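What follows is calculated from the coordinates using simple rules that are stated; it is not laboratory data. Owing to the predicted nature of the structure, the values given are computational and were not obtained by experimental measurement. Virtual Cβ from ideal backbone geometry, glycine too; neighbours counted across all protein chains shown.
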Amino acid sequence: MQLAMFSIISSRQNFKWRAECKESPLVSRSVSTKSGIRLGLSASQLKAMLGKPTEETKRELKWVFETRKLMTDKEMYELAKSFGKQKLEDAYWYVNTYLEATFVNSELMSVQIARTVTY
């Protein structure tokens, strides 16, 4: 299993563990994901990028994306070898992505993105 997670939180966002976080010059309103998700976006801008959220409240939007991708022949061979088998057929990667966005005054103040890949 592979797991990747990160959060980007505005310095203007108040939350329970705020004192434990240190400000970084590497994080600013210009930091964004490859798809353009960044602090300061409106809910409608984020919905335009990601589609209808899985869950929506006044302050938060959440998305859950679940996909399945067929492994390449090489990936199946390597996985079979790790299990002591000769061959795997029709093996898939299961990719789950979770995104949680928090808004204050209609502005994106924090975003958490987690992705897991399992077989």
Out of 91, 8, 61 - ranked by how far each Cα lies towards the positive end of the dipole of the chain, with unit charges on the beta-carbon of charged residues - the top one is 8
Grab every C-alpha pair in the chain, bin the distances at 10 angstrom width from 0 up to the longest one, and report whole percents.
12, 35, 26, 15, 11, 1
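In debye, nearest 20, what is the charge dipole magnitude of the chain about its Cα centre with +1 on Lys and Arg Cβ and -1 on Asp and Glu Cβ, if you could check?
Working: 19 positive and 13 negative charges, 53 e Å.
That gives the chain a dipole magnitude of about 260 debye.
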Quick query: amide H of residue 21 versus all other amide H atoms, modeled in the peptide plane; which residues come in under 5 Å with a sequence gap of 5 or more or a different chain?
none
Farthest toward the dipole's positive end in the chain, which of 43, 25, 114, given Cβ charges of +1 (Lys, Arg) and -1 (Asp, Glu) about the Cα centre?
25
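Based only on the alpha carbon positions, what is the Kirkwood hydrodynamic radius of the range 54-119, in angstrom? Before the final figure, lay out each step's value.
Values: mean 1/r = 0.0702 Å⁻¹.
Kirkwood hydrodynamic radius for the range 54-119: 14.3 Å.
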